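Let me begin by presenting the structure, written as C-alpha cells, before commenting on it.
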Amino acid sequence: MENRRHEMKNEPEIVYSRSVKAGKRIYYLDVKKARNEDLYLCITESKRKQVGEAEVPQFEKHKVFLYKEDFAHFTEGLNDVIAFVQSQLGEIEERKEWTPESEGATDETVSEDTKAEDKSLLGSILNRLKN
C-alpha cells in the first residue's frame, strides 16, 4: 500500500491505513510497524478548525496509540459502551456525510453499505492484528 502520509524517515512505517469520515472529523486508523517489528494501531482524529477567513484550512489533531496486548480489552470496552449508549437511546440515527462544499446545505445520507462497513471497521482491524 502506498503511504502518502509517511514522509518523515523517523516516523514508523504505516503498513495498513483506513480513513473514516464522520461529520467534520476524519478518523485515520493506521497500523504501524514499531522498530521491533511489532504492529500497533494509531487512531488519529482530525477536525477542521474555523480560523477567521483563512484560505488555507487548519486542522486540530489528536492521537491515540493502541498496542496489541490491549486490543482485546479495548474491543471489549468499546463494545460495552456502544451497547450501553444504544440501550439508553434506542436506534441511533447515522451521521450524514459532510463536505466543505455542503456546509449549511442538506447533506445526502451515507449508503447502507458504507454504514455497515464503518460499523465493523475497527473490530475487523483489531481482529486482523490479533492473528
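The values are calculated or read from the model by the stated rules, or taken from the named source; none is laboratory data. Since the structure is predicted, the reported quantities are computational estimates derived from the model, not experimental observations. We place every Cβ from the backbone using ideal geometry, glycine too, and count neighbours over all the protein chains shown.
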Notebook entry, point to check: Considering only the range 31-59, how many residues are surrounded by fewer than 10 Cβ atoms within 10 Å (Cβ to Cβ), closer than 28 Å to E13 by Cβ and of a type outside the set (S, T, N, Q)?
Noted result: 2
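Within the range 60-77, how many residues turn out to be touching a helix residue (DSSP H, G or I) at 6+ places or on another chain (Cβ under 8 Å) and hydrophobic (A, V, I, L, M, F, W, C)?
Filtering the range 60-77 for residues touching a helix residue (DSSP H, G or I) at 6+ places or on another chain (Cβ under 8 Å) gives 66, 68, 71-72, 74-75.
Next, from what is left, pick out any that are hydrophobic (A, V, I, L, M, F, W, C): 66, 71-72, 74.
The number of residues fulfilling the criteria is 4.
The rows are residues; the columns are (1) at pLDDT below 85; (2) not hydrophobic (A, V, I, L, M, F, W, C).
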site: G77; (1), (2): no, yes
site: R95; (1), (2): yes, yes
site: E101; (1), (2): yes, yes
site: A116; (1), (2): yes, no
site: N131; (1), (2): yes, yes
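Would you confirm, using the coordinates I've provided, whether T109 is part of a loop (DSSP other than H, G, I, E, B) and either at pLDDT below 80 or in contact with a helix residue (DSSP H, G or I) (Cβ under 7 Å, 6 or more places away or on another chain) (or both)?
Working: part of a loop (DSSP other than H, G, I, E, B): yes; either at pLDDT below 80 or in contact with a helix residue (DSSP H, G or I) (Cβ under 7 Å, 6 or more places away or on another chain) (or both): yes.
Considered against the rule, which asks whether it is part of a loop (DSSP other than H, G, I, E, B) and either at pLDDT below 80 or in contact with a helix residue (DSSP H, G or I) (Cβ under 7 Å, 6 or more places away or on another chain) (or both), T109 comes out as yes.
State all residues of the range 58-74 that are touching a residue at least 12 places away in the same chain (Cβ under 8 Å) and not basic (K, R); if no residue qualifies, say none.
Of all residues in the range 58-74, those touching a residue at least 12 places away in the same chain (Cβ under 8 Å) come to 59-68, 71-72, 74.
Matches in the range 58-74: F59, E60, H62, V64, F65, L66, Y67, F71, A72, F74.
Here is a yes/no grid of residues against (1) among the β-branched types (V, I, T); (2) assigned to a helix (DSSP H, G or I); (3) touching an Asp or Glu at 6+ places or on another chain (Cβ under 9 Å):
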site: Y27; (1), (2), (3): no, no, yes
site: K32; (1), (2), (3): no, no, yes
site: I43; (1), (2), (3): yes, no, yes
site: K47; (1), (2), (3): no, no, yes
site: E53; (1), (2), (3): no, no, no
site: V64; (1), (2), (3): yes, no, yes
site: F74; (1), (2), (3): no, yes, no
site: L78; (1), (2), (3): no, yes, no
site: S87; (1), (2), (3): no, yes, no
Next item on the list: For Q88, state whether it is more than 18 Å from L29 (Cα to Cα), of a type in the set (S, T, N, Q) and at pLDDT below 90.
Entry: no
Margin query: Taking the criterion of being touching an Asp or Glu at 6+ places or on another chain (Cβ under 9 Å), modelled with pLDDT under 80 and outside any strand (DSSP E or B), would at least one residue in the range 5-18 satisfy it?
Written below: yes
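Listed here are the residues, each with its yes/no results for (1) farther than 18 Å from I125 by Cα; (2) under 20 Å from the mean Cα position of the chain (by Cα); (3) hydroxyl-bearing (S, T, Y).
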site	(1), (2), (3)
L29	no, yes, no
E37	no, no, no
R48	yes, yes, no
L78	no, yes, no
I82	no, yes, no
